[in-house]
1. If a residue has to be more than 24 Å from Ala24 (Cβ to Cβ), in contact (Cβ under 8 Å) with a residue 60 or more places away in the chain and open to solvent by 30 Å² or more (accessible area, probe 1.4 Å) to count, how many in segment 81-106 make the cut?
2. Which one is surrounded by the fewest Cβ atoms within 10 Å (Cβ to Cβ) among residues in segment 107-153 that are in contact (Cβ under 8 Å) with a residue 40 or more places away in the chain and assigned to a loop (DSSP other than H, G, I, E, B)?
3. Please indicate, with yes or no, whether at least one residue in segment 33-54 is buried (at least 16 other Cβ atoms within 10 Å of the Cβ), within 24 Å of Val127 (Cα to Cα), touching a residue at least 60 places away in the same chain (Cβ under 8 Å) and of a type outside the set (Gly, Ala, Ser).
4. Among what's in segment 1-32 and is surrounded by 12 or more Cβ atoms within 10 Å (Cβ to Cβ) and small (Gly, Ala, Ser), pick the residue that is modelled with the lowest pLDDT.
5. Kindly provide the set of residues from segment 33-64 that are more than 19 Å from Gly117 (Cβ to Cβ), in a loop (DSSP other than H, G, I, E, B) and either modelled with pLDDT under 95 or among the aliphatic types (A, V, I, L, M) (or both), ordered by number.
6. In segment 121-130, what residues are in contact with a helix residue (DSSP H, G or I) (Cβ under 8 Å, 6 or more places away or on another chain) and of a type outside the set (Phe, Trp, Tyr)?
Amino acid sequence: MTRHTAYYVKSGRMETALVHRPIAWLVRRGITLNGKSELAVRGRTSGEWRTVPVNPLPLGGHRYLVAPRGTTQWVRNLRAAGGGELRVGRRAEPFTAVEITDEEKPAVLHAYLDRWGREVGRFFDGVGAGSPPEELRRIAPRHPVFRITPIPA
């Protein structure tokens, strides 16, 4: 597994206030927009639950979490915890997470950009779903991707 910490795009205050918080508020009330969930993962140092809106991607019988902004705090926490929960309303689905290799990422990134490119495309250096495979391979190291597996109740 290749880990890269150099790429990270921090969310600005306005974006957090006008986009992330309203989306999280809706998801906590069971209203999901285009498949959004709230990722809950234990903080790697505090042990407290940390939450952030995410776009889980179903692909080929698996689900993936892609980090469009790079090595964010949720990525670091998920690496340390090895799992978390996807929440929508009162429903919480615990899961384990495995980070996939850069070689496995292009197909996932293609599907992710095909579905959410309008929303997150600015974080992918001009690469989109229609870009050639070599461009997807080029950006793969910047974007951590986790395959998530539900934990049976």
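1. Residues in segment 81-106 being more than 24 Å from Ala24 (Cβ to Cβ), in contact (Cβ under 8 Å) with a residue 60 or more places away in the chain and open to solvent by 30 Å² or more (accessible area, probe 1.4 Å): 1 in total.
2. Taking the candidates together, the pick is Ile151.
3. No, because not a single residue in segment 33-54 is buried (at least 16 other Cβ atoms within 10 Å of the Cβ), within 24 Å of Val127 (Cα to Cα), touching a residue at least 60 places away in the same chain (Cβ under 8 Å) and of a type outside the set (Gly, Ala, Ser).
4. Applying the filter and picking the extreme gives Ser11.
5. Of everything in segment 33-64, nothing turns out to be more than 19 Å from Gly117 (Cβ to Cβ), in a loop (DSSP other than H, G, I, E, B) and either modelled with pLDDT under 95 or among the aliphatic types (A, V, I, L, M) (or both).
6. The answer is Gly121, Asp125, Val127, Gly128, Ala129.
The values are calculated or read from the model by the stated rules, or taken from the named source; none is laboratory data. The structure presented is a predicted model; accordingly, all values stated were derived computationally and were not measured. Please note: Cβ atoms are built from the backbone with ideal geometry, for glycine as well, and neighbour counts cover all protein chains shown. With ligands, DNA and RNA removed, areas are computed over all heavy atoms of the protein, side chains included. Shrake-Rupley method; radii C 1.70, N 1.55, O 1.52, S 1.80 Å.
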